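Novice: Structure provided below as structure tokens; questions to follow.
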Amino acid sequence: METTPCDLRWPAGGATRVPYRVFSDPAIYQMEQEKIFRGPIWHYLCLTVEVKNPGDIRTTWIGDTPIIVTRDENGELHGMVNRCAHKGALVCLKERDNKKSLTCVYHAWNYKLDGQLRGVAFQKGVKGKGGMPEDFDVSKHRLQPIRVSVVAGIVFGTFSDEAPPLEEFLGDRITAFLKRNMDHPLKILGTHSQMIHNNWKLYAENVRDSYHATLLHTFYTTFKVNRLDMDGGIILSEKKWHHISYSKRATLDAAAEYTSAEVHSAKYSSELDGPQLLQAWDGFDDQITHSIQTIFPTLVSQLTLNSLAVRFVVPRGVDKTELYWIFLGYETDTPEQEKMRVMQANLTGAAGLVALEDGCINSFVQRGTRGSDDKASFIEMGGKLAESNESSRATEAAVRGFWHGYQTIMGFHE
Amino acid sequence: MSSNADQIADFLERYCHTLDDGLFEDWSAYFEEDASYLVTTRQNVEANMPIGIVLCEGRGMMDDRIKALRIANIFENHTHRHVVGRPLIEPKPDGQCAVRSSFVIYRTMHTGQTEVFATGRYDDVLKPGPQGWRIAQRRVVLDSRMVDTLMVYPL
């Protein structure tokens, strides 16, 4: 008999131990679809700049479920499942579109931009024959709606009526930092995606793992990039599910920085033959030069020097995950600033000089843990708790925060 | 004396063999000193987006990429095999040529698995010189917006 997911007992040690079974068990994957992706959690859908105009349509996913985001003729945003109320076919096929209404290609069922059914083909039959029964009522059919909410230019959605208001879900510090980076007139500068061969949670863990950064990713040290921004810390959200990891320019240099907002490539002197890679400017006056922020479960926002991007992962099965990269600038950027963002995009993405290892490291874990369902990882760097640490990033606190959230929402107990 | 078309076709083939033989240190020599090399996707090109997946401006940045993959970046052993189509050549008044060619790149992993890694086209500007043709601009336009993990070798 197949085991059921509910029989998983979390090993003693709470968030410091993660049973490897959660990375490979299809039953747990299914349970995550229900508890996390269709549960009381807000999920990244798209950016408001992608659905700016009335009639704009963006398709995406929450977990396995295909989703449509629209902006209607009154400027209102809507989210709904991309599944026709008739036979269940996809209604929108393109990633981006602009239409006055939504029509399923199968039998031409036609919906308003808010998902309400407008009419069906041959409702009265053809030449008086066939047609829907007398009691058929278009107002009783629609695309399944989901709640949507916007923070800092990001559209989130949830299936659940029980999800708290979005800003409460994010918490104050997470919301504030997201606004710092994203609450500007955003401009998409490029997108691509990357298939990674691991369970989605391994990426969620990896991106919260500040312990590995300088050990696995050696680009900066190899090229002796002289970084003055090594002070940093980790901030966990109130519920510990989300986090911010940041590094700061040494305070010593701050005074000089305030006096001139000039390009600081000289601060990154290195053995690079193409030092223009690291030309940068100070976009903010808080001395934070590198930051990465996670929103449980699948969203990441990065500001690596001036390279602003959102990343999100979509699970494509228990051992496959699609990682989307959306590189951003601000409408207010000068051409020189945009150029620097374009160059710095080399640092991350599917071929990122600083971070490409993350594409394969998670698959090493996926493969390494195969056949070891009854074993667990050991996550105690920086202690056993999931607490903020604003003096060091040599900690796995944010990883523990993720697993704390995961255990809570999945209802896995020791 | 072979025609420009033959010379260009040979030049593009040699580029592929250099990469497929793993002679990455020789890669940047196919380019002009200030050449640009961009890997992007069809989707980005159509949307007029400046950020793709890799951008090198000048041979220095190309050499940095190679040094990075030799000594900094971690990835599993694999090889590429390029197959390029017949180049379409449009001579320009200044002696340079705009050249477009299709490619397929197969990737063979250390596990023995071979699969199509990328398909797309090269949009090149080639410049004649005393040492023959050199690339002044290469835009590698991938058909897919999705890259299978991971991209580290030049395309």
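Read the figures in this text as sums done on the coordinates, not as results from a lab. This structure is a prediction, so every number in the text was calculated from the model and none was measured. Note that we place each Cβ from the backbone using ideal geometry, even for glycine, and neighbour counts take in every protein chain shown.
Novice: Taking K and R as +1 and D and E as -1, what net charge do the other residues with C-beta under 10 Å from the C-beta of residue A:326 add up to? Mind showing how you got there, number by number?
Specialist: Working: positive: A:311; negative: A:50.
Summing Lys and Arg as +1 and Asp and Glu as -1 gives 0.
Novice: Starting with the fewest neighbours, write out A:298, B:108 ranked by other beta-carbon atoms found within 10 Å of each beta-carbon.
Specialist: Ordered from fewest to most neighbouring Cβ atoms within 10 Å, A:298, B:108 come out as B:108, A:298.
Novice: Between residue B:144 and residue A:12, how high is the FRET efficiency from 1/(1 + (r/R0)^6) when r is the Cβ-Cβ distance and R₀ = 51 Å? Nearest 0.05.
Specialist: Details: r = 45 Å, r/R0 = 0.89.
Here the calculated transfer efficiency is 0.65.
Novice: Then there is this: Once you charge only the Cβ atoms, +1 for Lys and Arg and -1 for Asp and Glu, what is the size of the charge dipole of the protein assembly as shown about its Cα centre, to the nearest 20 debye? Before the final figure, lay out the partial values.
Specialist: Numbers: 63 positive and 73 negative charges, 321 e Å.
Result for the protein assembly as shown is approximately 1540 debye, rounded to the nearest 20.
Novice: Further question on the same structure: Isolated Cys in chain A by the 4.7 Å beta carbon test?
Specialist: A:6, A:46, A:92, A:360
Novice: If the viscosity is 1.306 mPa s and the temperature 10 °C, what translational diffusion coefficient in µm²/s does Stokes-Einstein give for segment A:308-388 when Rh comes from Kirkwood over Cα pairs? Write out the running numbers ahead of the final one.
Specialist: Values: Rh = 16.0 Å.
The Stokes-Einstein estimate is 99 µm²/s.
Novice: Also, quick follow-up: Take peptide A:319-327, look around each residue's Cβ out to 10 angstrom, count Cβ atoms belonging to other protein chains, and average those counts. The partial results should precede the final answer.
Specialist: Details: counts 0, 0, 1, 1, 3, 2, 4, 1, 5.
Counting other chains' Cβ atoms within 10 Å and averaging over A:319-327 gives 2.
Novice: Rank by packing, highest mean first: peptides A:350-356, B:114-120, B:33-39, A:395-401, with packing defined as the count of other Cβ atoms within 10 Å averaged across residues. The partial results should precede the final answer.
Specialist: Details: A:350-356: 25.0, B:114-120: 15.3, B:33-39: 18.3, A:395-401: 27.3.
The most tightly packed comes first, giving A:395-401, A:350-356, B:33-39, B:114-120.
Novice: Loop only per DSSP, at most 13 neighbouring Cβ atoms within 10 Å: give me the trypsin sites (Lys or Arg not before Pro) in segment A:177-242, ordered by residue number.
Specialist: A:224
Novice: If you don't mind, there's one more thing I want to ask. Mind sorting A:294, B:111 by how few other Cβ atoms lie within 10 Å of their own Cβ, fewest first? Walk me through the numbers on the way to the answer.
Specialist: Numbers: A:294 24, B:111 9.
By the 10 Å Cβ count, ascending: B:111, A:294.
Novice: Right, here's the next one. As an exercise, identify the GluC sites (Glu not before Pro) in segment A:100-169 lying in DSSP coil whose Cβ has no more than 13 other Cβ atoms within 10 Å.
Specialist: On the way: sites: A:134, A:162, A:167, A:168; in loops: A:134, A:162.
Listed in order of number, the matching sites are A:134, A:162.
Novice: Need one value for A:356-362: mean number of C-beta atoms belonging to other chains within 10 Å of its residues' C-beta atoms.
Specialist: Working: counts 10, 6, 3, 8, 7, 2, 1.
Going residue by residue through A:356-362 and averaging, the value is 5.
Novice: Multiply the residue gap between residue A:90 and residue A:136 by 0.36 nm, knock off their C-alpha separation, and tell me the result in nm, one decimal place. Display every interim value, and only then the final one.
Specialist: Numbers: separation 46, 0.36 × 46 = 16.56 nm, distance 2.23 nm.
Length gained between residue A:90 and residue A:136: 14.3 nm.
Novice: Restricting to segment B:25-155, compute how many DSSP beta bridges are antiparallel as a %, nearest 5. All intermediate terms of the calculation are to be shown ahead of the outcome.
Specialist: Working: 37 of 44 bridges.
So the antiparallel bridges in segment B:25-155 amount to around 85 percent.
Novice: Give me A:31, B:109 ranked fewest to most by other Cβ atoms within 10 Å of their Cβ, as a rough exposure proxy.
Specialist: Working: A:31 19, B:109 13.
Ascending Cβ contact count within 10 Å gives the list B:109, A:31.
Novice: Relative to the Cα centre, what is the charge dipole magnitude of segment A:286-395, using +1 at the beta carbon of each Lys and Arg, -1 at the beta carbon of each Asp and Glu, and rounding to the nearest 20 debye?
Specialist: Working: 10 positive and 14 negative charges, 82 e Å.
Around 400 debye, computed over segment A:286-395.
Novice: Please give the average number of partner chain Cβ atoms lying within 10 Å of the Cβ of each residue in A:334-343, rounded to a whole number.
Specialist: Details: counts 0, 0, 0, 0, 2, 2, 0, 2, 7, 5.
Across A:334-343, the average partner-chain Cβ count within 10 Å equals 2.
Novice: Something else about it: May I have the pair-distance distribution P(r) for segment B:4-142, computed from all Cα-Cα distances with 10 Å bins from 0 and rounded to whole percent?
Specialist: P(r) for segment B:4-142, in whole percents per bin: 11, 40, 38, 10, 1.
Novice: Using only alpha carbon positions, build the gyration tensor of chain A, then give the equivalent ellipsoid semi-axes as the square roots of 5 times its eigenvalues, largest first, whole angstrom. Kindly include the intermediate steps, with their values, before the conclusion.
Specialist: Working: eigenvalues 323, 160, 63 Å².
Working through the eigenvalues yields semi-axes of 40, 28, 18 Å.
Novice: Can you figure out the FRET efficiency of residue A:99 with residue A:33, using R₀ = 25 Å and their beta-carbon distance, to the nearest 0.05? Mind dumping the intermediate values first?
Specialist: Working: r = 29 Å, r/R0 = 1.16.
The formula returns an efficiency of 0.30 here.
Novice: Report the longest stretch of chain A that contains none of the chymotrypsin sites (Phe, Trp or Tyr not before Pro) sitting in a DSSP loop with at most 12 other Cβ atoms within 10 Å. Write down the numbers at each step before the final one.
Specialist: Numbers: sites that count: A:122, A:136, A:284.
My reading of the result: A:137-283 is the longest stretch.
Novice: A follow-up question, please. Quick check: Cα centre of segment A:101-180 to Cα centre of segment A:333-410, how many Å?
Specialist: That distance is 34 Å.
Novice: Can you give the angle from 0 to 90° between the axis of helix A:357-368 and the longest principal axis of chain A, with both taken from C-alpha atoms, to the nearest 10?
Specialist: 70
Novice: Starting at the first residue of segment A:127-143, write each ³J(HN,Hα) from the Karplus equation 6.51 cos²θ - 1.76 cosθ + 1.60 with θ = phi - 60°, in whole Hz, x for Gly and Pro.
Specialist: Calculated HN-Hα couplings, in order: 6, x, 10, x, x, 6, x, 3, 7, 5, 10, 4, 5, 8, 10, 7, 6 Hz.
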